[in-house]
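Beneath this line is the structure, given in C-alpha cells, with notes to follow.
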Amino acid sequence: MQNLTFNFSGQVALVTGGAAGIGFKLTTSYLEAGSKVVVWDYSQEALNNAQKELSKYATQVTFQQVDVTQRTSVEAAIKALPQPIDILVNNAGITRDKSFGKMLDADWDAVIQTNLTGVYNVTKGLLEKFNPQTQNKRIITISSVVGIYGNFGQANYAATKAGVIGFTKTLAKELGRKGFAVNAIAPGFIKTAMTNAMPKEVLDAMAAKVPVQRLGEVDDIANACLFLSSQQAGYINGTVISVDGGIVL
Ligand SMILES: NC(=O)c1ccc[n+]([C@@H]2O[C@H](COP(=O)([O-])OP(=O)(O)OC[C@H]3O[C@@H](n4cnc5c(N)ncnc54)[C@H](O)[C@@H]3O)[C@@H](O)[C@H]2O)c1
C-alpha cells in the first residue's frame, strides 16, 4: 500500500506498546516521517527486535522498557525522557478473552489494569511533559470497534475500549484550550503477526464479512494515526475514527 506522506521533523512522538504489532508500525511510520520517537514497551525481547529492525534510525529513536500498569515504571521512564513530546499514542493493550460466566477476576483485572489504568498512568504522567512551545499537541488512544459495539467473550476488553472513548472525549473538552487535540482510533480486525499464523480459509471467511472484502493492515491504522497527529487535523478533537472497512455496519 502506498502510504500517505507526512513531515513530522522537529517533533517527538511517544508510542506505548511501540515495539510490536500495530505499535511497531506506528513507530516506523513516525520515524519515516522524520519524527523522533520514544518507544515504551514492557517486553525486552520486543524492544531488542525493534531496535535491530530500526537500526538505521538509531539517532531518531529511544527505547525504554516500561510497564504501563506500574506507576513507578512510568515515572522512572518519564524522568529519563530525552526531551518534551508533541504526540502521545496510547497503543499498548492486551486481551484475556472468555465468555463472562467463565471470566476470572484475574482476566478482568489484567485487562483493566493495562488498557484503561495504563492509559491513565501514561497520560497523567506525561501531561506536563508536552512541548510547551507547540499548539499542536496530540493524544491518540487506540480503542477498538469492540468498545463501540461489544463482542462475545470480550466483556473486559470491550469495557476498557469503551472506557478510553469516554476518557478521550473528556480530555478533548478539558485540554482543547491548552493546544491539544485528543482523539481515538477504533480499529476493526487488523492483520498482525498473530493473525498471519491463522489458516488462510479462516482469514478469507473473516475478510468476506467486511464490506470492503479485506482485513485491515497495520498501515491502515498508521495512516489514520499520522493524519490525526498532523497540524492539518488540528480541528478534529474528541472524535473516534473507525478504521474497520465498515465491518460493524
Ligand atoms: N490487532 C487488532 O486486530 C486490533 C483491533 C482493535 C484494536 N487493537 C488495539 O491495538 C493495540 C495494539 O494491538 P496489537 O494487535 O498490535 O497487539 P500486540 O500484542 O501485537 O502488541 C501490543 C504491544 O503492547 C505491549 N504491551 C502490552 N502490555 C504492556 C504493558 N503493560 N506495558 C507496556 N507495553 C505493553 C506488548 O509488549 C506489545 O509490544 C491494542 O491496544 C489493541 O487493543 C488491535
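Computed from the coordinates by the stated procedures, all read-outs in this text should not be read as laboratory data. Computed from a prediction, not measured in an experiment: that's the story for all the values here. Here Cβ is always computed from backbone atoms with ideal geometry, including for glycine, and neighbour counts include all displayed protein chains.
A few notes on this one:
- Among the residues of region 60-74, those identified as more than 14 Å from L126 (Cα to Cα), within 12 Å of the ligand (Cβ to nearest atom) and surrounded by 18 or more Cβ atoms within 10 Å (Cβ to Cβ) are F63, Q64, D67, T69.
- Filter pass, V164 being under 19 Å from A13 (Cβ atoms), among the hydrophobic types (A, V, I, L, M, F, W, C) and within 14 Å of the ligand (Cβ to nearest atom): yes
- Search result, residues across region 25-52 that are among the acidic types (D, E) and within 13 Å of the ligand (Cβ to nearest atom): D41, E45
- Filtering G101, G125 for residues that are of a type outside the set (S, T, Y), in a helix (DSSP H, G or I) and over 20 Å from Y42 (Cα atoms) leaves a single hit, G101.
Residue-by-condition table, conditions (1) touching a strand residue (DSSP E or B) at 6+ places or on another chain (Cβ under 9 Å); (2) within 16 Å of the ligand (Cβ to nearest atom); (3) without any contact (Cβ under 8 Å) to a residue 24 or more places away in the chain; (4) closer than 30 Å to N7 by Cβ:
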{"position": "R138", "(1), (2), (3), (4)": "yes, no, no, yes"}
{"position": "G150", "(1), (2), (3), (4)": "no, yes, yes, no"}
{"position": "N156", "(1), (2), (3), (4)": "no, yes, no, no"}
{"position": "T168", "(1), (2), (3), (4)": "yes, yes, no, yes"}
{"position": "I185", "(1), (2), (3), (4)": "yes, yes, no, yes"}
{"position": "K191", "(1), (2), (3), (4)": "yes, yes, no, yes"}
{"position": "K200", "(1), (2), (3), (4)": "no, no, yes, no"}
{"position": "M206", "(1), (2), (3), (4)": "no, yes, yes, no"}
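- Count of region 170-180 residues which are closer than 20 Å to I148 by Cβ and either without any contact (Cβ under 8 Å) to a residue 40 or more places away in the chain or not in a helix (DSSP H, G or I) (or both): 1
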